[in-house]
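> Pasting in a structure now, in C-alpha cells, and then I'll have a few things to ask.
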Amino acid sequence: MTDALGSIDMPERGRSEEDATESEKKPRRGGKRGKKGPFARLALFYRQVIAELRKVVWPSRSQLSSYTTVVIVFVAIVIGLVTVIDLGINRVVGYVFG
C-alpha cells in the first residue's frame, strides 16, 4: 500500500486487524468535506485562499524594485552566458563539419 504516516490502510501500531472494533473497520469518508456540495467546497476553498493570503508578508515598494532589478540583471547575465556558449559551439561545429 503506502508508507505514509497516518495512512488509514494500515492498522495502528500494536493492534491487529482483528482487534479493531466494527466502527474502526469502516472506511473513512471525507469528514466535513464529504457532506458538503461542490459549491460549498468551492466557497471553503476560496475562504482558505484568502486566509492564507492574509498571512503573507508583502514586500515594500523599495524591496520590490530592488528584487526586480536583481532578477533583470541576473537574467541578462544568463542570456549573455548562453549566447557566448552558443557562439562557441557554433564555431566548433563549423570547424568540425565545415
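The values are calculated or read from the model by the stated rules, or taken from the named source; none is laboratory data. Predicted, not measured: the structure shown is a model, and the values here were computed from it. No Cβ is skipped: glycine too gets one built from the backbone with ideal geometry, and neighbour counts run over all protein chains shown.
> For Tyr95, state whether it is of a type in the set (Ser, Thr, Tyr) and either modelled with pLDDT of 95 or more or touching a strand residue (DSSP E or B) at 6+ places or on another chain (Cβ under 7 Å) (or both). Spell out the reasoning first.
Values: of a type in the set (Ser, Thr, Tyr): yes; either modelled with pLDDT of 95 or more or touching a strand residue (DSSP E or B) at 6+ places or on another chain (Cβ under 7 Å) (or both): no.
So Tyr95 fails the test.
> Let me ask you something else. Of all residues in the range 55-69, which are assigned to a helix (DSSP H, G or I) and surrounded by 10 or more Cβ atoms within 10 Å (Cβ to Cβ)? Step through it out loud before you land on a result.
Restricting attention to the range 55-69, the residues satisfying the condition of being assigned to a helix (DSSP H, G or I) are 55, 61-69.
Residues satisfying the conditions are Gln63, Leu64, Ser65, Ser66, Tyr67, Thr68, Thr69.
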